[in-house]
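The values are calculated or read from the model by the stated rules, or taken from the named source; none is laboratory data. Because the structure is predicted, anything quoted here is derived from the model rather than measured. Heads up, the Cβs are rebuilt from the backbone with ideal geometry, glycines too, and the neighbour counts pull from every protein chain shown.
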Amino acid sequence: MDVVIVTGASTGIGRQVCIKLLERQPLSVIAVARSSDALQTLQQEAEATSAQAGHHGQLVPIAGDIANPLTRTSIITAATNLGQLRALINNAATVDPAGPLLAPSTAEWHSIWETNFHAPISLISQCLHMLQQHKGPRVILNITSSTSQQPVPGFGPYGATKASLNYVTRALAVEYPDITSIAFYPGVVDTPMNARAMDVARECQEHAQKTGNHR
């Protein structure tokens, strides 16, 4: 059975991707997120959906932070044991630190880069050989954001990490043409992270307007 890895799987886009994958194809989906309870609920729903569709796929939950190398090792071990890796979907991300561009500490900058950039790159590197062994289409899908192209108040660090991930995606397409590498912009989606993002953006926009009026 083909294997697909989905990070950030417990809520929002990642959760729906897992359910839809198992609804449409017989797959082993490795779902990665920090909340083990949310993953357990997702596993029950996704596998029930797969069974109703006649596919009888499975969802393999891995609870952990992708910024932790041990979590990434668990992902690779599971993928190796389950079958042929067909796709890696890098969806997990954080918007924190959100707020004025120069407010975050050095440690906070490092933290967002670790989650949004270094962890996906590490997974891509570790998955590359397995993807190349797959006999059908091979896909690396990086979920990105319009903030990588157009700055939004309050999301400088987040946009910077996504812009870098966009570049790496294009470079992968050039250097590894045997694998389809895609940076996907989903637009504004009603997720818990985006709800908070909109609040922060409004606050920073108001702050910018007040600052401009004082010049």
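Tabulated values for the structure
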read-out: Verdict on Tyr167 being without any contact (Cβ under 8 Å) to a residue 60 or more places away in the chain, out of contact with any Asp or Glu (no Cβ under 7 Å at 6 or more places or on another chain) and among the aromatic types (Phe, Trp, Tyr); value: yes
read-out: Search result, residues across the stretch 138-185 that are surrounded by 15 or more Cβ atoms within 10 Å (Cβ to Cβ) and either of a type in the set (Lys, Arg) or part of a loop (DSSP other than H, G, I, E, B) (or both); value: Arg138, Thr144, Ser145, Val152, Pro153, Gly154, Phe155, Lys162, Tyr176, Ile179
read-out: In the stretch 84-114, the residues that are crowded, with 21+ Cβ neighbours inside 10 Å and assigned to a helix (DSSP H, G or I); value: Ile112
read-out: Arg215 of a type outside the set (Phe, Trp, Tyr), more than 19 Å from Ala67 (Cβ to Cβ) and modelled with pLDDT under 95; value: yes
read-out: In the stretch 54-63, the residues that are in a loop (DSSP other than H, G, I, E, B) and either at positive phi or of a type outside the set (Gly, Ala, Ser) (or both); value: Gly54, His55, His56
read-out: Qualifying residues in the stretch 63-89 (those that are aliphatic (A, V, I, L, M) and without any contact (Cβ under 8 Å) to a residue 40 or more places away in the chain) - the one nearest to Gln133 (Cα to Cα); value: Leu70
read-out: So Ile75, is it assigned to a strand (DSSP E or B) and either buried (at least 16 other Cβ atoms within 10 Å of the Cβ) or hydrophobic (A, V, I, L, M, F, W, C) (or both); value: no
read-out: Selected residue [under 23 Å from Pro120 (Cβ atoms), of a type in the set (A, V, I, L, M, F, W, C), touching a Pro at 6+ places or on another chain (Cβ under 6 Å) and surrounded by 16 or more Cβ atoms within 10 Å (Cβ to Cβ)] from Leu27, Leu39, Leu59; value: Leu39
read-out: Residue match in the stretch 187-207 (condition: assigned to a helix (DSSP H, G or I) and at pLDDT 95 or above); value: no
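Residue-wise test of (1) out of contact with any Phe, Trp or Tyr (no Cβ under 9 Å at 6 or more places or on another chain); (2) part of a helix (DSSP H, G or I); (3) touching a residue at least 24 places away in the same chain (Cβ under 8 Å).
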residue: Val17; (1), (2), (3): yes, yes, yes
residue: Lys20; (1), (2), (3): yes, yes, no
residue: Ile30; (1), (2), (3): yes, no, yes
residue: Ala38; (1), (2), (3): yes, yes, yes
residue: Thr49; (1), (2), (3): yes, yes, yes
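Rundown of residues vs (1) closer than 29 Å to Gln25 by Cα; (2) within 16 Å of the chain's Cα centre (by Cα); (3) modelled with pLDDT of 95 or more, yes/no style:
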| position | (1), (2), (3) |
| --- | --- |
| Thr71 | yes, yes, yes |
| Ala107 | no, no, yes |
| Ile112 | no, yes, yes |
| Asn116 | yes, yes, yes |
